Each structure stands twice: as structure tokens, then as C-alpha cells.
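Here is the structure we will look at.
Any read-out appearing in this document is the output of simple, stated calculations on the displayed coordinates, not a laboratory observation. None of the values given here were measured: they were computed from a predicted structure. Here the Cβ positions follow ideal geometry from the backbone for every residue, glycine too, while neighbour counts run over all protein chains shown.
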Amino acid sequence: MLYPINEIFQTIQGEGLFTGAPAIFIRLQGCPVGCPWCDTQHTWELEPQNKVAVKQVINKGAAAPTWAELSAEQIVQALIDAGYTAKHIVLTGGEPAMYDLRPLGEALEAAGYRLQIETSGTFELLLTANTWVTVSPKLDMPGGYLVRPDCMQRADEIKHPVAMQKHIDALDNLLKRCPPKASTSISLQPISQRPRATELAIETCIARNWRLSVQLHKYLAIE
Ligand code: SF4
């Protein structure tokens, strides 16, 4: 099994329940969901002409549609060779759930890493049992993919981007249609740090006893 990797880098997790944790991000290439406000549009297409050598996706430092193909074992070795110290891995994208992530998860867990996936909830999740699942549900997006009830049930955390009341109403409808486990953490994340979105998210989190996720890395201007 080979994985198309856009980039691998080490930073601080800026979103959700693991905010503040040192983390290695493994960004997979490819996503058909089509969110208009997506800030990683360079990961959407898997163009053969953009395939590069492995070393060119390690600590890439700039958004680009280039990608390299690595096996699970090569990914583990790349983390060791890069000298990363974090033990928390974030599988992100793109949409990482487009791929069978079990061989990768098994190799990473055997090497002592803890895994988290950030997913839109629109693809079947093929993960190790211990992988922490963060679903950021993408509703009514141009790609036409539906958020899956099995993803919502598997979610350890639901992190929902909001700018307007209609986004909260949409989440309410989703939670009715696809109820998560009682233990699942729900957080609202203001879109693009807009003041009105932040105010709405704070008000709603307090009223519902949900959590606020503020994309700390954007406030800190780190990757
Ligand atoms: S699912 Fe994620 S990567 Fe895909 S378009 Fe939406 S925000 Fe972008």
C-alpha cells in the first residue's frame, strides 16, 4: 500500500481537543469534497506531473500541489530521519479517509506514535481501533458527498466550522440524523477568525456546553 503524501511537518496542534500538543502532521493528497472556503485547495488533485521525490515533501514549508508516494514503513522512517520529537500524529489532507489507513496506523502505532485523523466524515473510515477520530462534517458541498452516520458514530470529536446561525442549524440537523456517542466532544470553530463568527461560536458553546476551537496556529502565525 502506497500513500500520496503532500507534506509532513512537525508543529503544535492548533485545533480541537489536542490543541497545544506537539504533533507531526501527515497531509495526504486528494480531496473531492470541494468546500468553497477550503484553505488547502492545493491538495485536491492527484496530478501525475506533480509527483516528486520523498525528501521534497518533508518540511516543505509552502503550500504546493506536489506529492510523493510512500509506504507506511517509508513514512515511519521519514519521521525518524527528520528527527521529530512529537509522538502525536495528525493524519490530515485533503481527505485522508479516501485511503485505507490501517497499514499506516499499525506501522505508526508499532513505532510508538498515537494517531488522530481529521476527516470530513464523507468516506468510510478504515483505521486502527485506537485512532482518535475528529470529524469536521462538510455538509452540502459541491462534491455532493454526504456525511456518513457510521463516521459520526465513530467520532471521538466533532469539530464544526461556523460563521452564521445557519451553520449551527445545519449541525443540529446532522446531530439528529446521525447521532454521535454520548462521550463525543462537540466543538465550534469560527471560520477565518471573523469577529462575528467568533462571537456566535462563543455564545453557542456556552449555551450548549460545547467547546470552542479557535485555530490557535493562525493566531500564532505558525504552520
Ligand atoms: S474536505 Fe477538507 S480538504 Fe476537502 S475541500 Fe473540504 S476543507 Fe478542503
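Over all pairs of distinct alpha carbons, what does the Kirkwood formula give as the hydrodynamic radius of region 2-160, in Å?
15.7
Which whole-number percent is the relative contact order of the chain (Cα, under 8 Å, 6+ apart)?
Normalised by residue count, the contact order of the chain is 19 percent.
Nearest-5 percent of antiparallel DSSP beta bridges in the chain?
30
By the 4.7 Å beta carbon criterion, which cysteine residues of the chain come out unpaired?
Result for the chain is 31, 151, 178, 205, no neighbouring Cys Cβ within the cutoff.
Search the structure for amide H atoms under 5 Å from the amide H of residue 70, placed 1.01 Å from N in the peptide plane, and list their residues when 5 or more places away or on another chain.
3, 5
Residue 52: net charge of surrounding residues, Cβ under 12 Å, Lys/Arg +1, Asp/Glu -1, itself excluded?
0
Scan around residue 159 for amide H atoms under 5 Å from its own, H built in the peptide plane at 1.01 Å from N, and keep only partners 5 or more places away or cross-chain.
Here 135, 136, 187 satisfy the definition.
Compute the signed sum of charges (Lys and Arg +1, Asp and Glu -1) over the other residues within less than 13 Å, Cβ to Cβ, of residue 191.
Summing Lys and Arg as +1 and Asp and Glu as -1 gives +3.
Sorted by mean Cβ packing within 10 Å, highest first, what order do the peptides 173-186, 137-150, 24-37 take?
Descending packing order for the listed peptides: 24-37, 137-150, 173-186.
With unit charges on the beta carbons (Lys and Arg positive, Asp and Glu negative) and the dipole taken about the Cα centre of region 11-109, which residue among 93, 78, 105 sits farthest to the positive side?
Of the options given, the answer is 78.
Quick check: net charge around residue 90, other residues with Cβ under 15 Å of its Cβ, Lys/Arg +1 and Asp/Glu -1?
-4
Using a Cα distance threshold of under 24 Å, what count of lysine pairs results for the chain when pairs must be 8 or more residues apart or interchain?
16
If amide H atoms are built 1.01 Å from N in the plane of the peptide, which residues on other chains or at least 5 residues away come under 5 Å of the amide H of residue 28?
Counting only residues 5 or more places away or on other chains, the set is 6, 92, 93.
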